[in-house]
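Written below as structure tokens is the structure these notes are about.
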Amino acid sequence: MQSMNVKTHDNEVLESFPNHLWRDIVVNTKEISSGKKKEARSGMRLIYGIHGSPFGKCLIGICEEVICHMSFFRTDPKTHLEEFRKVWPNPKNRRDDEKTAEVLRKLLFSPGRRPPEILLLGTRFQLKVWEKLMQVREGETLSYSELAESAGVPTAVRAVSNAVAGNPIAYLVPCHRIIGKAGDLHGYRWGLDVKRAILEYEGVNLVSR
């Protein structure tokens, strides 16, 4: 595994992600109905920040030091922030790059650190699919149909695909590891260039894809 750099600004590198990060993540889940998602997110107060990464800019949203949102973008940050605010509409959410960098240092890099925590809000079906996503290891990929079979719903490939697309925490919940049956890359909400960059970073051979 290569080290992953997180930057507070373009020229300031925090440190590299520790090895075996995937094994250390603490996953918290909260089941909500599809009609209650906006209400649930509106009730959460997030601190968010934008940092550099090997895959472009990374927007991270944290609630009480628990990561609730992570996304990548290589386009206009204004547009990406507008999309973020639609998903997390609490007007008391505030941007604080220094605070999010501090939290990331404490969670990921401090000696004797406690494992980083994430919070997933979703329907029962989404949570089931995201749980299976967390079991796809670095360097591996699955097709959407294979993921559906793993989740116990082999005939619900389209619904599984929609759940994958609705993943709110990029990279840490590795929806980038789900590809087409023929090995083609498609269906990544943060851009196929980002998906390709992450998979190559993880050592997946994409020469023929």
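The values are calculated or read from the model by the stated rules, or taken from the named source; none is laboratory data. All of these numbers come straight from a predicted model, not from anything done at the bench. Neighbour counts are summed over all protein chains in view; Cβ atoms, including those assigned to glycine, are modelled from backbone coordinates with ideal geometry.
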Yes/no for Arg158 being farther than 19 Å from Ile50 by Cα and touching a Leu at 6+ places or on another chain (Cβ under 9 Å): no
From Lys92, Lys106, residue being modelled with pLDDT of 90 or more and either surrounded by fewer than 15 Cβ atoms within 10 Å (Cβ to Cβ) or not in a strand (DSSP E or B) (or both): Lys92
Within the range 70-85, which residues are exposed (fewer than 12 other Cβ atoms within 10 Å of the Cβ) and closer than 20 Å to Arg41 by Cβ? Thr79, Glu82
Among the listed residues Arg85, Arg45, identify the single one that is under 24 Å from Pro115 (Cβ atoms), without any contact (Cβ under 8 Å) to a residue 60 or more places away in the chain and of a type in the set (D, E, K, R). Arg45
Kindly evaluate Gly183 against the criterion of being surrounded by 14 or more Cβ atoms within 10 Å (Cβ to Cβ), modelled with pLDDT under 95, of a type in the set (Gly, Ala, Ser) and at positive phi. no
Residues satisfying the stated conditions in the range 176-193, i.e. under 12 Å from the mean Cα position of the chain (by Cα) and under 19 Å from Thr75 (Cβ atoms): His176, Tyr188, Arg189, Trp190
If we ask which residues in the range 143-175 are within 22 Å of Ser34 (Cβ to Cβ) and within 17 Å of the chain's Cα centre (by Cα), their number turns out to be 13
So the helices (runs of 4 or more DSSP H) completely within the range 123-209 holding 1 or more residues that are of a type in the set (A, V, I, L, M) and closer than 24 Å to Leu59 by Cα are 124-133, 157-165, 192-201
